[in-house]
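The values are calculated or read from the model by the stated rules, or taken from the named source; none is laboratory data. Computed from a prediction, not measured in an experiment: that's the story for all the values here. Don't worry about glycine lacking a Cβ; one is built from the backbone with ideal geometry, like all the others, and counts go over all protein chains shown.
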Amino acid sequence: MKQPDRINILLVEDDQLIAMSEISDLTDEGFYVVHAKSGEKAVELINEPEAEFNLILMDINLGSGMNGGDAAKKILTMHDIPIVFLSSHTEKEIIQSTEEITSYGYVLKHSGNAVLTAAIKMALRLFEANKKIHESEKKFQKAFNYNPIPMSINDMLDNGAFVDCNEAFLELTGYDKTELIGKNPLDLDFYANPDDRTKIIELFARDGFVKKYRYMYKKRNGETLMKYISMSRISIDDKPYLLVFQSD
């Protein structure tokens, strides 16, 4: 089924005449198109061992049986693939319902071949960009988890509440991760001198980062250690967080 060096598209459309027209237009643009007349057939084709589709064009109304939204949901539980919806509907509620399934595009039927081709190319570019972001996040998470330096991620919008921490940080503090997540450093009495937290916040507000601020750190058992704290701002899903390091 795979066509080397071509974009392979699964077109899901119950109207044979519309499907023939779209296949002709897309083929003229250099795409290879496989047609499915129903949501059930689309699920079957996408799961074939030799299937290697790059994108799905999904009609919303597919007659009797599984509709386009349900077919898309089922496919996305098994495959990471961009889905662009095709429809003659312009109702806001319908468009919003597709955005809750996937956000790679919604194209009105009969918008023209140029519009459809542009939407396909945009969806493919967005999909590749998202893949790179996810791969980068996986690499970061691996480096974070196995780093011997105690590290934590804290929510800037929730008073510095802990979102995640690595094993080295748990060893330093003496806490379990379940005891840390959702709590902020003041809740856990991490600062032997509370004024240090105020100073750290002032430094971050002034410079946008903190580099090796010396302070006394209190462990869960009450033991205090002289540590250096460094922090910088990071963004995860467009939300601001703090990446915090503890060092000797």
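Of the residues Ile56, Ile94, Ile18, only one is in contact with a Pro (Cβ under 9 Å, 6 or more places away or on another chain) and outside any loop (DSSP other than H, G, I, E, B); which? Outline the logic, then answer.
Working: Ile94 fails: in contact with a Pro (Cβ under 9 Å, 6 or more places away or on another chain); Ile18 fails: in contact with a Pro (Cβ under 9 Å, 6 or more places away or on another chain).
Unique residue meeting the criteria: Ile56.
Which of (1) aliphatic (A, V, I, L, M); (2) at pLDDT 90 or above; (3) part of a helix (DSSP H, G or I); (4) surrounded by fewer than 17 Cβ atoms within 10 Å (Cβ to Cβ) is the odd one out, the single condition Ile75 does not satisfy?
(4)
Condition first: among the polar types (S, T, N, Q), loosely packed, with under 13 Cβ neighbours inside 10 Å and either over 27 Å from Thr178 (Cβ atoms) or over 30 Å from the mean Cα position of the chain (by Cα) (or both). Can you find one or more residues in region 225-246 that meet it?
Checked against the condition, which is being among the polar types (S, T, N, Q), loosely packed, with under 13 Cβ neighbours inside 10 Å and either over 27 Å from Thr178 (Cβ atoms) or over 30 Å from the mean Cα position of the chain (by Cα) (or both), region 225-246 yields no hits at all.
Is there any pair linking a residue in region 108-124 that is without any contact (Cβ under 8 Å) to a residue 60 or more places away in the chain to one that is exposed (fewer than 14 other Cβ atoms within 10 Å of the Cβ) and of a type in the set (Ser, Thr, Tyr), with Cβ under 9 Å and at least six apart or on different chains, and which?
If the second residue must be exposed (fewer than 14 other Cβ atoms within 10 Å of the Cβ) and of a type in the set (Ser, Thr, Tyr), the pairs left are Leu108/Ser88; Leu108/Thr90; His110/Ser88; Ala119/Ser111.
Is it the case, given these coordinates, that Ile81 is in the same structural domain as Arg125 (by TED's automatic domain parsing), touching a residue at least 12 places away in the same chain (Cβ under 8 Å) and not in a loop (DSSP other than H, G, I, E, B)?
no
How many residues, within region 82-110, are among the aliphatic types (A, V, I, L, M) and over 16 Å from Phe127 (Cβ atoms)?
4
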